[in-house]
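One structure is given here, and the rest of the page talks about it.
The values are calculated or read from the model by the stated rules, or taken from the named source; none is laboratory data. What you see is a predicted model; the values in this text were computed from it and never measured. Here Cβ is always computed from backbone atoms with ideal geometry, including for glycine, and neighbour counts include all displayed protein chains. The protein model used for the area step is the full one, side chains on, heavy atoms only, and it has no ligands, DNA or RNA in it. Shrake-Rupley method; radii C 1.70, N 1.55, O 1.52, S 1.80 Å.
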Amino acid sequence: MKLLLSAFALVLTIAVATAEEEVKSEDGVLVLTKDNFDSVIADNEYVLVEFYAPWCGHCKALAPEYAKAAKVLADKESKIKLAKVDATVEPELAEKFGIRGYPTLKFFRSGSQIDYTGGREQDTIVSWLEKKTGPAAKELETVEAAEEFLKENNVAVVGFFKDRESKEAKAFLATAVAIDDYPFGITSSEDVYAKYEAKCGSVVLFKHFDEGKAVFEGEATEEALKKFVTAQALPLIVDFSHETAQKIFGGEIKSHLLFFISKEAGHLKEYVDPAKEIAKKFREQILFVTIDADQEDHARILEFFGMKKDEVPALRIIRLEEDMAKYKPPTNDLSAEKIGAFVSDFLEGKVKQHLLSQDLPEDWDKEPVKVLVATKFDEVAFDKTKDVLVEFYAPWCGHCKQLVPIYDKLGEKYKDSDSVVIAKIDATANELEHTKISSFPTIFLYRKGDNEKVEFKGERTLDGFVKFLEGEKDEQPEEEEEKEDKPAKDEL
């Protein structure tokens, strides 16, 4: 019997070893397949899994940071493992976990999964994972521990509290729980206080760039501390990229000053560096961001602002919480003085929203379907003697392209009418203060008499439009075909 058990144990050991060998590793990241996925999740308490596609630009940008994070965790002998799944090779796994975009990251803790909500740089990945697997703030009991903590983190926040039950200490710890992207430490050591010249009750953000550190001032509430950390943890002027996009859009500061520059032309040194003092002055009110127009990936951002590359260098302000409202400076002067005046006027509400408009074509009204631009819109659409039907379209929209022949026939039908106007407007190049468009095509009727705006939701057929225009506006059937997806706003 003992011999039999020994043989069985040997076979089991070999089987386990063989199974472990089947899990390949690339740059310290485990390569998961449908055959080994469940066993890796079961055998490890903490696993972060990236579902990616080889052709995905965001995935390619994440790969080196993901590998560096895996190395950092391995060097710390952490229990946390990083893994990846090629969703194009393992479609069953992608479907099982509801993967709809790339990269998508899932964190498995004792087999239970949650969505990863951290950043895409080595330090933010590690910080998020350590927050999910340990205390919100690391205890720094010695100077050596504090030095190591600050050395290994590009950004770190330290609270100097002896009374952990104080209102300020509780606010600090609540902030540590709320912010996953940056590591927090806490200490009551007099030696650590002396080393960093910190007072009891203070909060200091240490960073390996700009001024090196920032000391919180004011009443230590969770809201104030969150704003302080998210503002001070970023460089004075942030370079927009795949890696920084989440920090830029996900931060507490929703007003951004955008520098459209050419790095090749030396605009960083000429225009951006002199503006750092201005950025410092306003850093908790407005985020300064550079966008390199030399990069092809950023062409769509220029397009969003109605700009051409030959207009660079240039400035714009965008306010995210107000339907992506844009603001343009009154001058192209990019001196620090003029930038400061522009930001001050914006914050005081003195700058009017900048609305895009194309130039009015000379033949805008020659065809049955009239071509509108923002500067001509109100004059035509709000003519109280006419019913004016307007299609808001995007040049790239598939549904809009399919609608063209039908809409042209509709224009032809009413070309001689004295009371009906059929019109269209490119909503990506023309913006209206009173009408915001979020999907394409959107079609509105501006009624004669009272100019009431009624959205067309019926069948996009010639008969459907005619019935709508001739009195069945209030009883229109819902169109089964969905509008084009909303334009992505994650990267402007």
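Some notes on this structure:
- Backbone geometry of region 342-355 corresponds, through the Karplus equation with coefficients 6.51, -1.76 and 1.60 at θ = phi - 60°, to 3J(HN,Hα) couplings of 4, 5, 4, 5, 4, 5, 8, x, 8, 9, 7, 4, 8, 9 Hz, x marking Gly and Pro.
- What region 370-470 shows is 45 Å² of accessible area per residue, with the surface traced by a 1.4 Å probe over protein heavy atoms.
- The stretch between residue 347 and residue 308 holds 11.4 nm of extra length on full extension. This uses 0.36 nm per residue minus the Cα-Cα distance.
- Bridge orientation summary for region 25-133: considering DSSP beta bridges with both residues in this region, about 55 percent are antiparallel.
- Helix 398-413 vs. the chain, principal-axis angle (Cα, 0 to 90°, nearest 10): 10
- Sites residue 435 and residue 147 - FRET efficiency at Förster radius 41 Å, r taken between beta-carbons, to 0.05: 0.10
- Of the GluC sites (Glu not before Pro) found in region 290-388, those in coil by DSSP whose Cβ has at most 12 other Cβ atoms within 10 Å are 321, 322, 348, 362.
- From the alpha carbon centroid of region 133-199 to that of region 396-455 is 58 Å.
- Counting DSSP beta bridges with both ends in the chain, the antiparallel % (nearest 5): 50
- Linear extension gain, residue 402 paired with residue 163, 0.36 nm per residue minus alpha-carbon span: 79.3 nm
- Listed by chain and number, the lysines whose alpha-carbon sits under 28 Å from that of residue 199, ignoring those within fewer than 8 places in the same chain, are 131, 138, 151, 162, 167, 170, 207, 213, 226, 227, 280, 281.
- Projecting the Cα atoms of 172, 158, 218 onto the charge dipole of region 141-248 (Cβ charges, centred on the Cα centre) puts 218 farthest toward the positive pole.
- Reachable lysines from residue 24, criterion Cα separation under 25 angstrom, eight or more residues apart if same chain: 34, 60, 68, 71, 76, 79, 81, 84, 96, 106
- Sites residue 470 and residue 296 - FRET efficiency at Förster radius 45 Å, r taken between beta-carbons, to 0.05: 0.40
- Taking a ≥ b ≥ c as the square roots of the eigenvalues of the Cα gyration tensor, an a/c ratio below 1.5 marks region 237-348 as rounded.
- Looking at region 176-226, the chymotrypsin sites (Phe, Trp or Tyr not before Pro) that sit in a DSSP loop and have at most 14 other Cβ atoms within 10 Å of their own Cβ are 209.
- Per-residue ellipticity at 222 nm, computed for the chain from helices alone with -39500 (n - 2.57) per DSSP H run of at least four residues, works out to -10000 deg cm²/dmol.
- Gyration tensor (alpha-carbon) shape descriptor, the chain, a/c threshold 1.5: oblate
- Placing +1 on each Lys and Arg Cβ and -1 on each Asp and Glu Cβ, with no other charges, gives region 204-261 a dipole about its Cα centre of roughly 120 debye.
- In this simple spin-label model, placing a label point 7 Å from the Cα along the Cα-to-Cβ direction at both residue 194 and residue 262 gives a separation of 5.7 nm.
- Gain on full stretching of the segment that runs from residue 177 to residue 117 - 0.36 nm per residue minus C-alpha separation: 20.3 nm
- Taking the chain as a whole, the Cys residues whose C-beta sits 4.7 Å or farther from every other Cys C-beta are 200.
- The loop-placed chymotrypsin sites (Phe, Trp or Tyr not before Pro) in region 396-451, going by DSSP, that have at most 11 neighbouring Cβ atoms within 10 Å of their Cβ come out as 396.
- The amide H of residue 213, built 1.01 Å from its N in the peptide plane, has 207 as neighbours under 5 Å, considering only residues 5 or more places off or on other chains.
- The alpha-carbon of residue 308 sits under 16 angstrom from the alpha-carbons of these aspartates and glutamates, leaving out residues fewer than 8 places away in its chain: 292, 294, 296, 297, 359.
- Basic side chains Lys and Arg get +1 at the Cβ, acidic Asp and Glu get -1 at the Cβ, and with that the dipole of region 287-335 about its Cα centre reaches some 180 debye.
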